[in-house]
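Below is one structure, written out as structure tokens; the observations come after it.
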Amino acid sequence: MLSDLPSEILLEIISYAPTAQFLHNLSCTNHKLHDLVETDGWKVFVLGRFPSVPVPPYWKDAAHALTTHSRNWDRKAFIARDFSPVNTSIFCLPAGDLRKVNDQWKVSHGQTMGYQPVIDSYEQWTGNTWDSRKEVVVYGAGSDLIMGTTERGGRVNSQWRTAKKEERQINFAPDRSKRTWTSYKETRHWEGRDDVTTVNIVRPHQLSKAGNMTGESVIVGRAGGDLDLLRLSAGQKNCVVRSYQTKGRNVRAADLTTGQSPLLATCLGNTQAALFKVHDDGTFAKPISEVSCVPEKEMKQCRLWSCKFLGPDKLALGRGIAKRLVYVYGVGQDGLSAEPLRTFGGGIEKETSTSAYPLMPIPASSICGDMAGNTFFSGGYDGLIRLHDMRSPAEYESLITDPTDYAAIFSMAMVGRERLVAGAAINSLLKVWDLRFAGGRTYHYLDALSTDGTEDTISNTTTAGESHAGGWNIFASPYDAANRRWQRGRDSPIYSLSRPSNSSTSLYVGRENNVTQLNFTNMLDKHPDPVFKHSIVRRPGGTIDAKRTWDPDGKHRVLGLAMYDQTHQGHMPLKIQKEAEHLDPAQTVPGYDERWRPVGMKEFRQASGF
């Protein structure tokens, strides 16, 4: 019998389990197999099927969450909301007062266009269950700095149950998570001149040299040349912990290393890259190294656009307009190397000049990357995303393109090693690509279909042959005119993208005058990611009440977005999202989330604004 085999052989068999349902069924066979699956089986499944996603050792919940994430990304299942203080209270620093926000948080005025948000985020586990976690999101809104902190878990759910209706509306999000807001702006900060241009959160494991304090440590760069380490905490009157010397040059880009003693890299002005110790002595820090990355002969048309650590010993800089788009410098104890270790060109035509805007290393946990940080993406003004490899003599290893749109790439984010998300320079266009080759997927939700065509953990039906593969695009500007809070918002670039972690359901999208949160979850999923288990409202019979679950008070409106699939053919299948109260599981597009419905070009243009 199977259970008579040694545990080592059984675990080797389990490593080939295609789905979580297979493993669950195996655990129901007898006590020995149940104990083996609970002890080691779920761990083997998660590490084998999702090798690029680091997770805490809650293996069964991790298997549930990650398989759900994978399916939701495949089916384009997400819920979009504006991420800003609405009908709540916000703690304003450095004044230290608590202000009530009756409708929508109003940023300072005085500019002819909306702010260009820059975003950073992270999450950490705060308990011994999968859903016990804290998520921190910080973004620049003109000269204001906004921080939203979201807490989940059993303790938070207990607080929600005992809270009165008014307390729930003020202190809790629609999914019953606890959310607090903080803003920071000094009286000397002027709109336009002192707009926030870079935001980097110092992670909790990097705070050992800063002392054990409450609140969050954030490094903020501004157009006016300020570069400060802030401590955002209730009761903190003087929020500036340390200032970094910029000599008045605008801070164009910044990045932190991930180690316990972090380094800060910045692009100052148009040509200089500087390196600082984050936890330097005193309240004023000078750079430990500074180099000019634009030769004198290129200064008329070339400048630095971005910087990104590829690892603890490499810093990549995006440049343009130039023939050599990316410079990679070594990072050592004495700072940056005097000359770049390697430069990369566009490689399409020898004489072609363009610009590299965002840079994104392949995650170190990925099996196609490595700890040395040798592989990374660059997003170009020409609309091309190039994969570079430090070990190869080629300018790039492969190109990622959208055959339907060649707008410049302004931002990028990775979803594990499986997917790449990019923000375009026009039309609030968000692009998603699956990076895996055909047959190279370690997990696919279609493998979890039962014999009657229904998915194991969801109530709708689909067929394996109808799942769409390839890239797809989202218009991140909502089609409901009441939600267009800025006239130019629909034409905005996607200035920034941020994911708190590779196991998070959230993707934060920054466009003109707005930050939008996309939660990749299905409104009608009977068994959603465990982080949402406390928020599900069911009707008699067990079906999900989508309206009461996802928009219970009507004040945190779920946005309806438009999308289309990238295709080389002339016809593009166009779709828009239905509202929560209009969902009908019987009326679905095969292979897509229940909210998507196909539309003609006239209705699509009306919905997307184009």
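Key figures
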{"quantity": "Criterion: of a type in the set (Phe, Trp, Tyr) and closer than 24 Å to residue 519 by Cβ - qualifying residue of 91, 50", "calculated": "50"}
{"quantity": "Failed item in (1) part of a strand (DSSP E or B); (2) of a type in the set (Phe, Trp, Tyr); (3) within 24 Å of residue 100 (Cβ to Cβ), with residue 122 passing the rest", "calculated": "(3)"}
{"quantity": "Conditions (1) closer than 29 Å to residue 514 by Cβ; (2) in a helix (DSSP H, G or I); (3) touching a Ser or Thr at 6+ places or on another chain (Cβ under 9 Å): number failed by residue 64", "calculated": "(1)"}
{"quantity": "Selected residue [modelled with pLDDT of 95 or more and in contact with a Lys or Arg (Cβ under 8 Å, 6 or more places away or on another chain)] from 239, 267", "calculated": "267"}
{"quantity": "Residue that is farthest from residue 533 (Cα to Cα), among those in segment 13-66 that are touching a Pro at 6+ places or on another chain (Cβ under 8 Å) and small (Gly, Ala, Ser)", "calculated": "52"}
{"quantity": "Flag for residue 528 being more than 23 Å from residue 64 (Cβ to Cβ) and part of a loop (DSSP other than H, G, I, E, B)", "calculated": "no"}
{"quantity": "Residue in segment 312-358 that is nearest to residue 388 (Cα to Cα), counting only those that are among the polar types (S, T, N, Q) and in a strand (DSSP E or B)", "calculated": "343"}
{"quantity": "Selection status of residue 9, more than 31 Å from the chain's Cα centre (by Cα) and either part of a helix (DSSP H, G or I) or surrounded by 15 or more Cβ atoms within 10 Å (Cβ to Cβ) (or both)", "calculated": "yes"}
{"quantity": "Residues of segment 144-170 satisfying the condition of being touching a strand residue (DSSP E or B) at 6+ places or on another chain (Cβ under 7 Å), modelled with pLDDT of 90 or more and of a type in the set (S, T, N, Q)", "calculated": "149, 150, 159"}
{"quantity": "Hey, residue 148 more than 23 Å from residue 119 (Cβ to Cβ) and among the small types (Gly, Ala, Ser) or not", "calculated": "no"}
{"quantity": "Residue check, residue 247 more than 26 Å from residue 139 (Cβ to Cβ), touching an Asp or Glu at 6+ places or on another chain (Cβ under 9 Å) and surrounded by fewer than 21 Cβ atoms within 10 Å (Cβ to Cβ)", "calculated": "no"}
{"quantity": "Sole exception among (1) surrounded by fewer than 19 Cβ atoms within 10 Å (Cβ to Cβ); (2) over 21 Å from the mean Cα position of the chain (by Cα) for residue 222, by number", "calculated": "(1)"}
{"quantity": "Positions within segment 398-431 being in a loop (DSSP other than H, G, I, E, B), hydroxyl-bearing (Ser, Thr, Tyr) and either touching an Asp or Glu at 6+ places or on another chain (Cβ under 8 Å) or without any contact (Cβ under 8 Å) to a residue 40 or more places away in the chain (or both), in sequence order", "calculated": "401, 406, 428"}
{"quantity": "Segment 167-219, subset assigned to a loop (DSSP other than H, G, I, E, B) and basic (Lys, Arg), residue nearest to the chain's Cα centre (by Cα)", "calculated": "203"}
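Residue by residue, here is whether (1) part of a strand (DSSP E or B); (2) more than 20 Å from residue 145 (Cβ to Cβ); (3) in contact with a Cys (Cβ under 8 Å, 6 or more places away or on another chain) holds:
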site	(1), (2), (3)
225	no, no, no
231	yes, no, yes
234	no, no, no
273	yes, yes, yes
282	no, yes, no
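The values are calculated or read from the model by the stated rules, or taken from the named source; none is laboratory data. Nothing here was measured: the structure is a model prediction, and the numbers come from that model. Here the Cβ is made from the backbone with ideal geometry for all residues, glycine too, and neighbour counts use every protein chain on show.
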